[in-house]
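Working notes, structure below.
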Amino acid sequence: MSMIITILCSRLKFTQFLMGLLCLVSLSCLASGTQNGTATVQDVAEVIFHPQGQRLINTMIQKRDWHGRVCLHDLDRQFHPDYQPPIGRIIFSIDNDGLTEYPSPGDYFQNCHLDIKGAITSQSTEPLQPFVDRQGLLGCALTGCTNNDLSGFYVEDHDDEGDWKYRTIALSFHPESQLLIEKVQGLGPNQHISHHNLGQTLAFTYPQQKGDRINLSGIWRQTFYQQNGIEYRCLLISPNAIKLGPQHQPNCPAQINDYREDISAQFPAMWWRNNPEPYVQLAQLNTSVTWYDAEQGRQIVSWEYLPAGERWDQGILYRLQQQKIRAQDGSETLQLLHASEFTKQHHEIKTK
């Protein structure tokens, strides 16, 4: 169990906004949260993001539907023409004229799947005034956003044009990458809502030139967290193949000749390898996927990635092998079985 605690604590910087008030109390966890915990009044008031005039992308991943059922991207069906993954997307900009939306897939879901009937098919602009008093990006867009605007935890309980919202919203903004992360969690039924209201969504908002062209090519170290210790292996990852290099060592060589065995078949969960271009979208690196394996049966893997570096390719990629657990009320959770992480060690690959 100690290895599982280790990886959970190392992931706290990514998951603390997702967990809300829940925190693992240990020295490593507390250290990762120190910077946020010591913000000064000047830090809170300083403008850290100017969204006005930029074209932005809001991509959202449906994690659970309103029943509380886990949403998984089915890799066995991903190429079926009628299949839609649990991922939505809106392209927009903000200026003095208001909020302008551009043609994009939209953010309407039918249970766990994107409803293409809600796609945005033409450009339109609406006034920003209804949003200026709200916390979050739209509320501060015209004046500039501070850390206080884009970070925190609050509850929404209001009528949204006939669709009552009763939910928590957790916000986290990363100035270096200009990435806003938002988690929305339904709080169950109340006097205005008769259904389960257990939906959960993870959303990312970022400038259009970022987030859609993450280059994962390079030499990576995969670290396995096991009950009896930590294991390593070195991988050469490219759009064409994943090749195995030295194992049982924390430092991976940069020479291409050290990577000969093609083990691409071991990574069916890396579904972005089917992209038409050799780049990955941020949403793909934060999606739970499922497929049927002829020998091992139903498989579930969740990916988590928080960008780092100028090109967003310096973050740690987490792979969580899981199984689905269903409660008596029909809601579902994912139980962790195995965990590993990928860390890029070399961008440039040496041929000699």
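The values are calculated or read from the model by the stated rules, or taken from the named source; none is laboratory data. The structure presented is a predicted model; accordingly, all values stated were derived computationally and were not measured. Don't worry about glycine lacking a Cβ; one is built from the backbone with ideal geometry, like all the others, and counts go over all protein chains shown.
Observations on the structure shown:
- Residue ID - nearest to the chain's Cα centre (by Cα), chosen from residues in the stretch 130-141 that are outside any loop (DSSP other than H, G, I, E, B) and surrounded by 15 or more Cβ atoms within 10 Å (Cβ to Cβ): LEU137
- Subset of the stretch 208-221 (residues that are in contact with a Ser or Thr (Cβ under 7 Å, 6 or more places away or on another chain), surrounded by fewer than 20 Cβ atoms within 10 Å (Cβ to Cβ) and not in a loop (DSSP other than H, G, I, E, B)): none
- Test result for LEU202, assigned by TED's automatic domain parsing to the domain that holds ILE87 and farther than 23 Å from ILE57 by Cα: no
Yes or no, residue by residue, for (1) loosely packed, with under 14 Cβ neighbours inside 10 Å; (2) in the same structural domain as PRO51 (by TED's automatic domain parsing); (3) touching a helix residue (DSSP H, G or I) at 6+ places or on another chain (Cβ under 8 Å); (4) modelled with pLDDT of 95 or more:
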residue: PHE92; (1), (2), (3), (4): no, yes, no, yes
residue: THR100; (1), (2), (3), (4): no, yes, no, yes
residue: GLN110; (1), (2), (3), (4): yes, yes, no, no
residue: LYS117; (1), (2), (3), (4): yes, yes, no, no
residue: SER122; (1), (2), (3), (4): yes, yes, no, yes
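- The single condition among (1) in contact (Cβ under 8 Å) with a residue 24 or more places away in the chain; (2) of a type in the set (Phe, Trp, Tyr); (3) in the same structural domain as VAL280 (by TED's automatic domain parsing) that PHE153 does not meet is (3).
- Test: residue in the stretch 260-283 that is in contact with a Phe, Trp or Tyr (Cβ under 8 Å, 6 or more places away or on another chain), part of a strand (DSSP E or B), in contact (Cβ under 8 Å) with a residue 12 or more places away in the chain and not charged (D, E, K, R): yes
- In the stretch 213-231, the residues that are among the small types (Gly, Ala, Ser) form Cβ pairs under 6 Å with partners that are surrounded by 14 or more Cβ atoms within 10 Å (Cβ to Cβ), at six or more places apart or across chains, as follows: SER217/SER238; GLY218/LYS344; GLY218/HIS346; GLY218/HIS347.
- Those residues of the stretch 142-163 which are over 23 Å from the mean Cα position of the chain (by Cα) and closer than 19 Å to THR205 by Cα, in sequence order: LEU142, THR143, GLY144
- Entirely in the stretch 36-129, the strands (runs of 3 or more DSSP E) that have 1 or more residues that are small (Gly, Ala, Ser): 87-95, 98-106, 124-126
- Residue within the stretch 238-255 that is more than 24 Å from PHE92 (Cα to Cα), surrounded by 13 or more Cβ atoms within 10 Å (Cβ to Cβ), touching a Gly at 6+ places or on another chain (Cβ under 8 Å) and assigned by TED's automatic domain parsing to the domain that holds LEU282 present: yes
- Residue in the stretch 125-146 that is among the charged types (D, E, K, R) and at pLDDT below 90 present: yes
- Within the stretch 175-192, tally of residues that are buried (at least 17 other Cβ atoms within 10 Å of the Cβ), over 17 Å from PHE131 (Cβ atoms) and of a type outside the set (Val, Ile, Thr): 6
- Among residues of the stretch 73-91 that are among the small types (Gly, Ala, Ser), those with a Cβ under 8 angstrom from a residue that is surrounded by 14 or more Cβ atoms within 10 Å (Cβ to Cβ) and in a loop (DSSP other than H, G, I, E, B), sequence gap 6+ or separate chain, pair up as GLY88/ASP107.
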